[in-house]
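What follows is calculated from the coordinates using simple rules that are stated; it is not laboratory data. In this text, all values refer to a predicted model and were calculated from it rather than measured experimentally. Cβ placement follows ideal geometry from the backbone for every residue including glycine, while neighbour counts extend to all protein chains displayed.
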């Protein structure tokens, strides 16, 4: 079965996903696109040579008979509406993070999905599909490290643009770690604290950079994540899980190792799209296969909700300078 | 356009290629299979759920109207016949190494292909499609190392079965390096020598293991390749290119790094199929796309012929203990 | 000039220092020893073949005419008394950490030393003499990292004995980092916080293990130190300094790298004495040379005092769970 | 006991050894120096503040009553004469490589030493005292690798001066590997071959650079050593021992690891004196201690002779382009 997909939002990530589905993945095809800027939607259709109809609105696209599944890659503020509409139309939906811009918005989606009686939503937390994180998950689950006690992590970007402000370090950057560590540890967050080191001269005036986010899980695992979005040297994702019996370090991307000009060196990636390129492939293929099989079981609405609650606490901790508690409601059996 | 492919030979590698084309790659589908063991061919059709006809013979399959392209993954002794038949039928053909079991056999294919007036053949030298070797090629071509002077390489397998005998270290193992280094250096071989270190106790009686093959190119680059097929510890491919301005080392596959039990350690791959899994994907997709575009331009019959000539000299050097010269005819303009 | 040294306290570290001075270093000789256990002192004299007098008490040893310099390697509770006596006797004194068991004790030493009008005291913070930390100091001072913003560090031991209790993670373990980072950054501490991850099953009942200590400096550098004294896998000291322009990682001790049994591995040290063996040599030679030249300028009483103040705040933070402020008095010109 | 040492030849290496003995090592002192350039000898005495007499000739120095041991660090052509004179005077002698410039010269020394009835000579093969090579020796002797089958090695210098000509790649550079591998493997050489890759543009006209030396031992171990003395990027010593059960890789000197400017990098040493600085310390201390104990048991005259015979064969192989056999006489029981 070939899954017919409609894409709402044809910006950079939307076009990239359309390209993957069309050129690299199997069993999916793009049959519908829409964008607030219809010209851009048409341009993507042209560039990729898609046989796809351009819709005036996302809601209209969702209703189209030939659309089996919807990908929501529009501006974050619109996600909730589109995901709810897709659920109500009985369509599967892949939604880029955030699932909704508020925890309540996520809760609305959960309620609708439960009412619909079937899991319809996959949230775009692609790191779960990265081979390195998958090895880490396997090592933890196989008890190779004993009980996990701590995670030391870093999320570094070379630079960010002017529009990137302090809370985005949580909503746009840390959110990946917030989901990943819940999944790795099979645990939830209890508290959050944020401390601000001396600011780098490379950060513009509206962003505190770097930041260190300290999380405590219900099981007592302590996590520190350095978020440093103007680190200059590259895109660098670090993750060490420290357990009772040993430590595992996330694999780092390898390039040629040079011995040259007095240095033994290895290039650091600059582009996050390359770092998780394979993970995006696996993630979207999993969604397509899930739609085909009727069992979409990747990161769920519940995971999107949990990330939203944790994000809200982290932003509050940014503002208060205090240790903020994180109250996660009980997980409905629907998402067990 | 979807390329319709027939596979001749449904052993391990043939089934693996069929699986890739069906499940991982785009724009290709398997419409025909044959195998000397027809039951095995049928079993593969079943296992992969192919919509493919099982032919009694490879020659018959080649003639089938709905077969656009042929994959020859049968026993090496049959390659020449099938490739020639495919050329004569005006079909594109992907042939696993060796292109033919003799240099003369390769020459016959070249003559037929030139007479046919179009490049039809891609030989299964997948390392050219490995991202690490591609970075190495780019670094050399961009003159980042200056002129290449030496290559130190190793090709190590954990163990080999009883049927693996001394010349197979050349024909089955070294042949990948023989192609890869010609391509990396854009050069041909001038001489070959083989020396036999003390034999490992882990090798059975019919194979000298390890071996060191010493090659000299026409440009004067000196290459040493350790071939060690019972090294016990893993499948390990090493390649250092030493140039006038520095050295580049091939990336090694990364797994989790552990600190545990007094060791800082990283797992070594055991399985060659994992080492070059991505390369196989890229290689076969390139073939499919080439067929679709009418421009198959991967490793050519000429490359298969060059590898055969170099292999023959290496086997002669195994037997003689001498430095053997390698006489490579001039490259026809057709393969420029 | 050969410096004549008296050693007070001939336990493990005292004997080790006596051995270094006698067998490895130049220009120093042990002429006097004392220990609360006089038999042990005599045994060390015998084992090392020293030409040294055994004194009944440390205070008597300090007064001996032929003792140019004193090494205080006795139980921590006795340090203050011996160091004060040495200062008053006009002798140079090398004192293992802690300089005194209370900040006030350190202050008493400072007052006495200032009153004496000459720097007499070197505190045993050997990491400043480690080649790796010296490279780090040079890199920071040469501005190769830009302004330092964060330090991520770990201090891990394979196991600790029963007598090691929670506050010793500060007084015995973290104290090295407390001195090292002040020196590396040329900065002082402003606040301390300690968080306790889930406890490892390998820790006995009287010690919280691991711990994470969070420090903030006056310049705003944020430091996190994992103290994990039952990590099982080895003695492991980690230090990353993150600056505006890049990151420097402390060199790790290297052993043979093996490829064996499916692993690519490097041994982790088990013994802290090997990790800082060269640093101890350089440290003690610096003291001997300083005595010979009349300019003892290693870690000073002031540094010992600063470490004591920071330690006290960290222990308070262990108990309170709060962010504790660290009030460091102004540095007297005498220690500029 | 303090060993009184006379140094013949106060060039760079002689002065360096005098400095070590005076400033870093124990139980030795320089009491006599001589140099063909007496002014230079006097200058070294002044620079190091030695209490040493300057002799007009090395032979006179050897006869001096207060000289217990002689260090021969003069021009290679003079070594044989001085070592013979020292043996005849009943003095211990440390001789920098080469022991003599011809195998016959070494043989003369062996005959004299045997006649004298006592081992008097230590040859300056300092790598045996390097901690990395010692770990390698221990691993091999403990059978951690199984039987050694191959060694892959490289000896790289950033540049060499105009006076460095082709045979010096053997006599001055490879000679260290020639001794080291005999010692590591407890084996002798059977054959040698030298191949010349394409020449680097950075080599001047009188030196072939790089070279690859291929050695076979009596036990059948195959060794390849890349000698590349204008490699530009640094001083780099590589050694991999490949055994039946696994591979050990010589530790590489570590500096800070930087993440900066798109690179993950580690500095490569430029200066061979830093690479083997600790080894020189251990080597000379072993000689001093050996003299004090009357048992000089480091690299012997026999080892110097073996290296000379192997060197001669390698130079012959440079010239002939052939595989040259190496005939090592039986080892006298005296050197067992």
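Label positions at residue B:51 and residue C:278, each projected 7 Å from the Cα along the C-beta direction, are separated by 6.9 nm.
Sorted from closest to farthest, the other copies place their residue C:63 label points 5.8, 10.4, 11.8 nm away, with each point set 7 Å from Cα along Cα→Cβ. Take each residue of peptide C:143-149, count the partner chain Cβ atoms within 10 Å of its Cβ, and average: the result is 4.
Using Cβ counts within 10 Å as a stand-in for footprinting exposure, how do B:221, B:315 rank, fewest first? The partial results should precede the final answer.
Working: B:221 24, B:315 20.
Ascending number of Cβ neighbours within 10 Å: B:315, B:221.
Among D:64, D:142, D:153, determine the one that fluctuates most according to a GNM of chain D built with springs between C-alpha atoms less than 10 Å apart. For chain D, modelled as a Gaussian network with Cα springs under 10 Å, the answer is D:142. Rounded to two decimals, the Cα-based Rg/Rh of segment C:158-202, with Kirkwood Rh, is 1.04.
Taking the inverse of the mean reciprocal distance over all distinct Cα pairs, the Kirkwood hydrodynamic radius of segment B:138-294 comes to 17.5 Å. Projected label points at residue D:23 and residue B:39, each 7 Å from Cα along the beta carbon direction, are separated by 8.3 nanometres.
Considering every residue in A:210-220, what mean count of other chain Cβ atoms within 10 Å of its Cβ is obtained? Could you put the intermediate results ahead of the total?
Working: counts 5, 1, 7, 0, 5, 0, 4, 2, 0, 2, 4.
Taking the mean over all residues of the peptide, I get 3.
Chain C has one residue whose beta-carbon comes closest to the axis relating it to chain A; that residue and its distance in whole Å are C:224, 3. When chain D is treated as a Gaussian network with alpha carbon springs shorter than 10 Å, the biggest mean-square fluctuation among D:104, D:219, D:260 belongs to D:260. Annotation for segment A:10-88 versus segment C:1-48: alpha-carbon center distance of 79 Å. Normalised by 2.2 N^0.38 Å, where N counts its residues, the alpha-carbon radius of gyration of segment A:1-146 equals 1.12. For chain A, DSSP calls about 50 percent of its internal beta bridges antiparallel. Projected onto their three principal axes, the Cα atoms of chain B cover extents of 55, 53, 43 Å, largest first. For segment B:128-165, the residues whose backbone nitrogen is under 17 Å from a point 7 Å from the Cα of residue B:75, taken along Cα to Cβ, are B:163-165. Sorted from nearest, the other copies put their residue D:47 label points 4.1, 6.6, 7.4 nm away, the label point being 7 Å from Cα in the direction of Cβ. Pick from C:19, C:275, C:198: which is most flexible by mean-square fluctuation in a GNM of chain C where alpha carbon atoms under 10 Å apart are linked? Among C:19, C:275, C:198, the largest GNM mean-square fluctuation belongs to C:198. Under Stokes-Einstein, with the Kirkwood radius over Cα pairs as Rh, the value for segment B:267-336 at 10 °C and 1.306 mPa s is 104 µm²/s. For segment B:163-241, the C-alpha radius of gyration divided by 2.2 N^0.38 Å, with N the number of residues, is 1.13.
Once the Cα atoms are used to define both axes, helix A:79-88 deviates from the longest principal axis of chain A by about 50 degrees. Segment A:290-336 and segment C:236-252 have Cα centres separated by 33 Å. In this rough spin-label picture, where each label sits 7 Å from Cα along the Cβ direction, the residue D:297-residue C:134 distance is 3.3 nm. With its label point put 7 Å out from Cα toward Cβ, residue C:278 sits 0.5, 3.6, 3.7 nm from the same residue's point in the other copies, in order from shortest. Compared with the dominant Cα axis of chain B, that is its longest principal axis, helix B:38-48 is turned about 80°.
Mind jotting down a quarter of the surface of the convex hull over the alpha carbons of the protein assembly as shown, in square nanometres, one decimal? Let's see the in-between values first.
Numbers: hull surface 218.1 nm².
For the Cα atoms of the protein assembly as shown, the hull's average projected area reads 54.5 nm².
Quick check: Cα centre of segment C:99-171 to Cα centre of segment A:267-283, how many Å? Cα centroid to Cα centroid, the span is 41 Å. For chain D, relative contact order (Cα pairs under 8 Å, six or more residues apart, normalised by length) works out to 19 percent.
Between residue A:65 and residue A:330, how high is the FRET efficiency from 1/(1 + (r/R0)^6) when r is the Cβ-Cβ distance and R₀ = 30 Å? Nearest 0.05.
Working: r = 38 Å, r/R0 = 1.28.
Calculated transfer efficiency: 0.20.
The ranking of B:51, A:27, C:65 from fewest to most other beta carbons within 10 Å of each one's beta carbon is C:65, B:51, A:27. Taking every DSSP beta bridge that has both ends in the protein assembly as shown, the antiparallel portion is near 55%. When each of C:257, C:102 is scored by the number of other beta-carbon atoms lying within 10 Å, the sequence from fewest to most is C:102, C:257.
Over all residues in C:263-274, what is the mean tally of Cβ atoms on other chains that come within 10 Å of each residue's Cβ? Each step should come with its number before you reach the end.
On the way: counts 11, 14, 12, 7, 5, 7, 1, 1, 0, 0, 0, 0.
Per residue, the average neighbour count from other chains is 5.
Across all Cα pairs in segment B:211-335, the calculated P(r) in 5 Å bins from zero up to the longest distance comes to 2, 7, 11, 14, 16, 18, 16, 8, 5, 3, 1, 0, 0 percent per bin. Axis angle, to the nearest 10 degrees, between helix A:103-116 and the longest C-alpha principal axis of chain A: 50 degrees.
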